[in-house]
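Visitor: One structure is given below, represented as structure tokens, and several questions about it will come after.
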Amino acid sequence: MAHPITKPADHYSPLYFLASVGAGGLAVTFFMYLMFWVPHKAQPVPIFEDIMAAWATGGAALKTAIAVSVLGIAVFAFMNIKALLWNIKAYGAFKQTAAYETLRASNAESTMLAAPLAFAMSINVMFIVGLVFVPGLWQVVEYMFPAALAAFVLVGIYALRIIADFLGRVLTKGGVFDVTAHNSFAQLLPAFALAMVAVGLSAPSAMSHLPAVVATSLALSTLFGVAAVIYALFAAITGFASMLHYGTAREAGPTLLIIVPLMTVLGIMVLRQDHGLHVTFGAHGTAAETMMFLAKLLAVQLVFLGLGLVVLRAQGYFQDFVLGGKTSPGSYALVCPGVALSVMLFFFTHKGLVAAGAVAKFSTVYWGILGFALVSQFLMVALVFRLNRQHFAPNPAAAAVPAE
């Protein structure tokens, strides 16, 4: 007997893995407070000991920021893992259904890449949790980097196998790819998954002191990063052509914003690689060059953010699927752009403007720019709780609509 549908999430889609991704991204946004406000001269990221020292010597404002950050990381890391475990179980059951076979034979097969995307995000989140909550972690961190590289490579292989199955099917059998259903950026999800693996692989290049580990990190992250860029270019060009011809698929409208998190993830990958090249191999770049690099990425984000919001507003997407009674698992794709914009603004402000001397830290202009990051962050916090209530609270009258 079929299990009765009592809430929208019971009508499962792999896109529900984005609920885990969004929560993990919010944990990262709260880590930005510690990254740029807690002194950590001994290593490139703040660790437990730095946080405790800042708490002991900092003023009320810094202590408040630390408290909010630590609480935010704890809450959203928990939500990240909770959503991941729920998805693993639900996805396993879904694979036993006829709906899974139908998905595997359609354009929507690419939505399966949400799984490795979520796994890669959760590994990143667990590393942040370790930095923030585990004393003495940095003393053994060099032993962790090879394991982390291996974990991300396994996730990357998982992603590549799904991509190979999908491309092997659509590129060898004529007529199986529905061009009329390609009218969105949904096919960029594989590129996002590859980029998330790439940014995870790049972390040891910025943190390790062992040249062999740094070199391995640089090579592997470059491989997956370049693959992500190539895939994104082809998927975006063909998808945009289809949208011009058929219009944008309404349920897949949020995918127009996927370029925003893609730029943030790839941008962080490049910053990590640059740091490793500088510290380990003596390559030198200037703060002004970094500022302009981040400015260009931010400009791309704002262009696609504007495009996506124009289309979503014209379609009435927010009124129906966010503020209204309709549900679509693709709505969780709205969280990633807001999270990514917040993180990018933190990096642009500190690694770009402040580092280059264009803006003084904690000045009025500084807070004016960073204010957009904080607003974006807390809007996404509200959105996550709103979507969770919509999709996971009992509501027999609602049914989720998978985006293709």
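Visitor: Within segment 264-274, identify whether any single residue is at pLDDT below 95, out of contact with any Cys (no Cβ under 8 Å at 6 or more places or on another chain) and either within 30 Å of residue 41 (Cβ to Cβ) or hydroxyl-bearing (Ser, Thr, Tyr) (or both), and answer yes or no.
Guide: No; the residues of segment 264-274 include none that is at pLDDT below 95, out of contact with any Cys (no Cβ under 8 Å at 6 or more places or on another chain) and either within 30 Å of residue 41 (Cβ to Cβ) or hydroxyl-bearing (Ser, Thr, Tyr) (or both).
Visitor: Going through segment 299-330 one residue at a time, which ones are touching a helix residue (DSSP H, G or I) at 6+ places or on another chain (Cβ under 7 Å) and more than 12 Å from residue 258 (Cα to Cα)?
Guide: Listed by number, the residues that qualify are 311, 312, 315, 317, 318, 321, 322, 326, 327, 328, 329.
Visitor: Give the residue, chosen from 36, 30, 78, 48, that is at pLDDT 95 or above, in contact with a Gly (Cβ under 7 Å, 6 or more places away or on another chain) and closer than 22 Å to residue 121 by Cα.
Guide: None of the others qualify; the one that does is 30.
Visitor: Moving on to the next point. Just name the residue that is farthest from residue 203 (Cα to Cα) out of those in segment 150-178 that are of a type outside the set (Gly, Ala, Ser) and touching a Pro at 6+ places or on another chain (Cβ under 6 Å).
Guide: Among those residues, the one meeting the criterion is 163.
Visitor: Can you find, within segment 30-71, the residue that is surrounded by the most Cβ atoms within 10 Å (Cβ to Cβ) among those that are more than 17 Å from residue 133 (Cβ to Cβ) and of a type in the set (Ser, Thr, Tyr)?
Guide: Once the filter is applied, the top-ranked residue is 64.
Visitor: Quick test of your reading of the structure: residue 340 fulfils all but one of (1) in contact (Cβ under 8 Å) with a residue 60 or more places away in the chain; (2) farther than 29 Å from residue 111 by Cβ; (3) of a type outside the set (Phe, Trp, Tyr). Name the failing condition by number.
Guide: (2)
Visitor: Suppose we filter segment 136-164 for residues that are in contact (Cβ under 8 Å) with a residue 60 or more places away in the chain and more than 20 Å from the chain's Cα centre (by Cα); how many remain?
Guide: Qualifying residue count, segment 136-164: 7.
Visitor: Restricting attention to segment 288-327, report how many residues are touching a Lys or Arg at 6+ places or on another chain (Cβ under 8 Å), closer than 23 Å to residue 229 by Cα and among the acidic types (Asp, Glu).
Guide: 0
Visitor: Only one of 227, 232, 198 is in contact with a Phe, Trp or Tyr (Cβ under 7 Å, 6 or more places away or on another chain) and at pLDDT 95 or above; which?
Guide: 198
Visitor: Follow-up question, since we're still on this one. Would you mind telling me which numbered condition in (1) outside any helix (DSSP H, G or I); (2) among the hydrophobic types (A, V, I, L, M, F, W, C); (3) free of Cβ contacts under 8 Å to residues at least 60 places away in the same chain residue 45 fails?
Guide: (3) is the only condition that residue 45 fails.
Visitor: Kindly indicate which of 80, 107 is closer than 28 Å to residue 31 by Cβ, in contact (Cβ under 8 Å) with a residue 60 or more places away in the chain and crowded, with 20+ Cβ neighbours inside 10 Å.
Guide: After applying the criteria, what remains is 80.
Visitor: Are any residues in segment 111-129 in contact with a Pro (Cβ under 8 Å, 6 or more places away or on another chain), of a type in the set (Gly, Ala, Ser) and buried (at least 24 other Cβ atoms within 10 Å of the Cβ), and if so, which ones?
Guide: 114
Visitor: Please enumerate the residues belonging to segment 143-193 that are assigned to a loop (DSSP other than H, G, I, E, B) and more than 30 Å from residue 272 (Cβ to Cβ).
Guide: Correct list: 171, 172, 173, 174, 175, 176, 177, 178, 182, 183, 184.
Visitor: Mind telling me which of the residues 132, 141 ends up being buried (at least 21 other Cβ atoms within 10 Å of the Cβ) and under 29 Å from residue 74 (Cβ atoms)?
Guide: After ruling out the rest, the residue left standing is 132.
Visitor: OK, next. Which one of these does residue 196 not meet: (1) surrounded by fewer than 19 Cβ atoms within 10 Å (Cβ to Cβ); (2) part of a helix (DSSP H, G or I)?
Guide: (1)
Visitor: Which residues, taken from segment 294-308, are among the hydrophobic types (A, V, I, L, M, F, W, C) and without any contact (Cβ under 8 Å) to a residue 40 or more places away in the chain?
Guide: Those that are among the hydrophobic types (A, V, I, L, M, F, W, C) and without any contact (Cβ under 8 Å) to a residue 40 or more places away in the chain: 299, 302, 303.
Visitor: Select, from 69, 110, 20, the only residue that is within 19 Å of the chain's Cα centre (by Cα) and more than 30 Å from residue 374 (Cα to Cα).
Guide: Matching residue, one of 69, 110, 20: 110.
The values are calculated or read from the model by the stated rules, or taken from the named source; none is laboratory data. Treat the numbers as computed from the prediction; the structure is a model and nothing was measured. Here the Cβ is made from the backbone with ideal geometry for all residues, glycine too, and neighbour counts use every protein chain on show.
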